[in-house]
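Where a number appears in this text, it was derived from the coordinates with a stated rule and is not lab data. Bear in mind that the values here come from a model prediction, so they are computed numbers and not experimental data. Heads up, the Cβs are rebuilt from the backbone with ideal geometry, glycines too, and the neighbour counts pull from every protein chain shown.
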């Protein structure tokens, strides 16, 4: 029985945990208990002041206008409530200290509006046909959608840097690497266009995330809408949303409006991290093929010769930090209930905003640093013919001219490289013929001049004019395609910002007194 008593009592203790105050357990603290206030409410209040105050007020304005238009409240009540909202001292509210007299910023705002109305009954009508549930998921979207547009804008700026550089370097040879080893010649344009195309796909993913996010949950109320004849389309219009969310249960329960964004952002950050790593390697003295100007490097406090490429280091560090935050959010929400739950609300939302903000910082910094960088084109050209990286074309030429299977041509060239490595490091005509005799029992019909042309990096690149290849004629086509995407994406961004601005102007016109 003693054991059973302990088992029964334990849940009761957990349900009513005491608060320790100077060593004294208090069993009957009034709300908010000091421990709850200090560890939850104060922080959430400060976060809401920073991120949501203006959005709360916009939601109030749009909702009360709709209530009046739907004849749910009178024109006089609308006028009184709007005057109270416009009479608020927003800056004072933004800087107010949390004192525990209300639960959160929502109730603080409603208290101030009630005071401005001078009639608690009229002020109370503002909350007709809505809940904190649908208000909260709306203000989260309002803040996040602007950040998403800012991130898309940073990505378009980075892509422009890639494209502007590529436009100047269609014929600038460089070595391409696989497994961190010199592999084949390419051009700087081909290399940079690869990054530009990656960034274009990131932009497309972010645009899709924005589309999903830019639907308005207001009117879902707690989770099942309301019996009042509200107009959800009107509130969505006034707040600049494309449309209302469809299912009211999902409006409250679904979190893909931010997980889709974070998934897209995670992909972007992985790409940015890989780009940064590439340019950091290129900036090493041992590589010496990219140089940042003085504004983007730092000296050493002890070593006078140092030019540390810290700007790109910060790109990698900030992107890694942002990626960690996105993964932290996704981990936090992956097994939470499908409904209204604190796990995805006030404590978590600021991490979304921090992740996106750091993503913007990383993308923007990379664009600025690369836009000011200089490439060592002569050294890149020299390396485009070093380390035998043109011999793939030699094997291909042998296939074409000798009608041999590629496996035989590959074996000839591999033996040729081994022999050349033991000599002076150059593939000579004699070494090639010796390798051919050893492998297929005869010499090749290839001439010495043809060998020289085959091994040139210019020829290697020029002959690869296949769709997606590095030949200048092909990279110029690819650049044109990316420029068209650039135009379309810029138009999309301008249009989205314009629609939000128009909605803001419409709301102000209807509500400012």
- Note on the structure: Expressed in angstrom, Rg and Dmax over the Cα atoms of the stretch 348-448 are 23.8, 72
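Taking the convex hull of the alpha carbon atoms in the stretch 194-290, what volume per residue do you get, in Å³? Please report the intermediate quantities before stating the final value.
Details: hull volume 10.1 nm³, N = 97.
Taking the convex hull of the Cα positions in the stretch 194-290, it is 104 Å³ per residue.
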- Query: Any idea how far the Cα center of the stretch 479-513 sits from the one of the stretch 318-344, in Å?
  - Reply: 29
- Message: Which order do the peptides 174-180, 151-157, 106-112 come out in when sorted by mean C-beta neighbours inside 10 angstrom, highest first?
- Response: 151-157, 106-112, 174-180
- Task: Over all alpha-carbon pairs of the stretch 391-455, lay out the pair-distance distribution in 10 Å bins, whole %, shortest bin first.
- Result: 24, 64, 12
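How high is the relative contact order of the chain, in percent, counting Cα pairs under 8 Å that sit 6 or more residues apart?
Relative contact order of the chain: 17 percent.
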- Provide the percentage of antiparallel DSSP beta bridges, counting only those with both residues in the stretch 114-260; round to the nearest 5. 75
- Query: Taking the C-alpha atoms of the chain, how large are the radius of gyration and the largest Cα-Cα span, Dmax, in Å?
  - Reply: 32.1, 104
- Whole-number D in µm² s⁻¹ for the stretch 51-109, Kirkwood Cα-pair radius fed into Stokes-Einstein, 4 °C, 1.567 mPa s: 103
- Item | Folded to 0 to 90 degrees: helix 429-440 orientation relative to the chain principal axis, Cα | 80
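Percent antiparallel among DSSP beta bridges with both residues in the chain, to the nearest 5? If you can, show how the numbers build up before the last one.
On the way: 12 of 14 bridges.
Here the antiparallel bridges make up roughly 85 percent for the chain.
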- Using a basic spin-label model with each label point 7 Å from the Cα along Cα→Cβ, how many nm lie between residue 222 and residue 382? 7.6
- Note on the structure: Measuring from the longest principal axis of the C-alpha atoms of the chain, the long axis of helix 105-117 (C-alpha) lies at a number of degrees, nearest 10, equal to 50
- Query: Helix 2-15 sits at what angle to the longest principal axis of the chain, using alpha carbons and giving 0 to 90 degrees rounded to 10?
  - Reply: 90
- Message: How big is the stretch 259-347 along each principal axis, measuring the range of its Cα positions in Å and listing the largest first?
- Response: 59, 25, 18
